[in-house]
Amino acid sequence: MSGYILHEEKDDLVLPAEKADRLLNRGDGDAALLYLCLLRLNGGIAPQELMKRLGWSELRLANGERTLQEIGLLQRRAESLPPERAEERPEYSRTELADMLEGDAGFRMLVPQVEQKLGKEMKTADLQILAGLYDNLGLPADVIFLLVNHCLERSENRYGPGRRPTLRQIEKEGYYWARLELFTQEAASAYLKQYHVKQSRFAQYMQVLQLGSRPPVESEEKYISDWIDKGFTSEAVAMAYDKTVFYKKELNWRYLNGILRRWDESGCHTAEEIARLDAPRTRNPAASPAGQGKNEWMKKYIKR
């Protein structure tokens, strides 16, 4: 990578209104911070020094740089950007892992912290997974530490105290975080806060599904999490559960989810909205044969 150079007409830190508007309209805080930092330095600086000054990963710096390029506040050649990450997890040789441990302070500090959390010394296969999260996915060390703690807490909640996740489980969740673009400590912390709020509501849904007070397993959690995201109250899920047991004689997750999906398509997510949707509609007796109008509304339920 080459260094950055910005030249402003004044020695003071001045941000012209037109450039400020570009940053404000884009709404990218990292891009704005990067631009202010470059203005403040008022000269050339190597990317490594800039990452150290801002406390950023290379991927975070590249994302901020790309935004500044797109809004015309920074000119750099496209080929100087880091390459896109591979679709499949790369395999790191022992030599490559040794080079990372020796030459990358962030990765070197991360390894013993993860070992302490997981209560074991990581082998080569474990280090390859951790290197993939750090080097290939671009998750910074502080975000990976939050990721490991999150997976550890989730494993203990599901399987009991002392149960620790495998590196494969952590890797799977790490790829999910990457898809959510949780590349900063702030973004990861906001996600975890939302996750814990959602977790506190899971018990309500497990109760209406007659599953007791146990925590949901992973597949159950995915269903319930999706329902919460769509805005379904526990009362609405209880109504779907009642219909499911009536027709299937037992809890059938796919059938119950299908009911909720139809309600979601109708814009109904609360017990009141669903009651109005399912309420019998008044029919004109003259439009139907005698005696059929009053029971017509029941047919749609009988056919299900």
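Can you find a residue that is assigned to a loop (DSSP other than H, G, I, E, B), in the same structural domain as residue 232 (by TED's automatic domain parsing) and loosely packed, with under 14 Cβ neighbours inside 10 Å anywhere in segment 151-165? Checked against the condition, which is being assigned to a loop (DSSP other than H, G, I, E, B), in the same structural domain as residue 232 (by TED's automatic domain parsing) and loosely packed, with under 14 Cβ neighbours inside 10 Å, segment 151-165 yields no hits at all. Within segment 101-133, the set of residues being part of a helix (DSSP H, G or I), in contact (Cβ under 8 Å) with a residue 24 or more places away in the chain and in contact with an Asp or Glu (Cβ under 8 Å, 6 or more places away or on another chain) comprises 107, 128, 129, 131, 132, 133.
Results for (1) in contact with a Ser or Thr (Cβ under 8 Å, 6 or more places away or on another chain); (2) surrounded by fewer than 19 Cβ atoms within 10 Å (Cβ to Cβ); (3) at pLDDT below 95, shown as yes or no for each residue.
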| position | (1), (2), (3) |
| --- | --- |
| 145 | no, yes, no |
| 179 | no, yes, yes |
| 182 | no, no, yes |
| 192 | no, yes, yes |
| 205 | yes, no, no |
| 213 | no, yes, yes |
| 239 | no, no, no |
| 244 | no, no, no |
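Just one of (1) surrounded by fewer than 20 Cβ atoms within 10 Å (Cβ to Cβ); (2) modelled with pLDDT of 95 or more fails for residue 136. It is (2).
So that you can scan it fast, the table gives a plain yes or no per residue for (1) in contact with a helix residue (DSSP H, G or I) (Cβ under 8 Å, 6 or more places away or on another chain); (2) of a type in the set (S, T, N, Q):
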{"position": "197", "(1), (2)": "no, no"}
{"position": "207", "(1), (2)": "yes, yes"}
{"position": "235", "(1), (2)": "yes, no"}
{"position": "244", "(1), (2)": "yes, yes"}
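Within segment 253-272, the set of residues being touching a helix residue (DSSP H, G or I) at 6+ places or on another chain (Cβ under 8 Å) and more than 16 Å from residue 206 (Cβ to Cβ) comprises 255, 259, 263, 264, 266, 267, 268, 269, 270, 271.
Of the listed requirements (1) more than 18 Å from the chain's Cα centre (by Cα); (2) surrounded by fewer than 14 Cβ atoms within 10 Å (Cβ to Cβ), residue 131 misses just one: (2). Looking at segment 194-203 only, could you name the residues that are at pLDDT below 90 and among the small types (Gly, Ala, Ser)? Scanning segment 194-203 gives a single hit, 200.
The values are calculated or read from the model by the stated rules, or taken from the named source; none is laboratory data. The structure presented is a predicted model; accordingly, all values stated were derived computationally and were not measured. Neighbour counts are summed over all protein chains in view; Cβ atoms, including those assigned to glycine, are modelled from backbone coordinates with ideal geometry.
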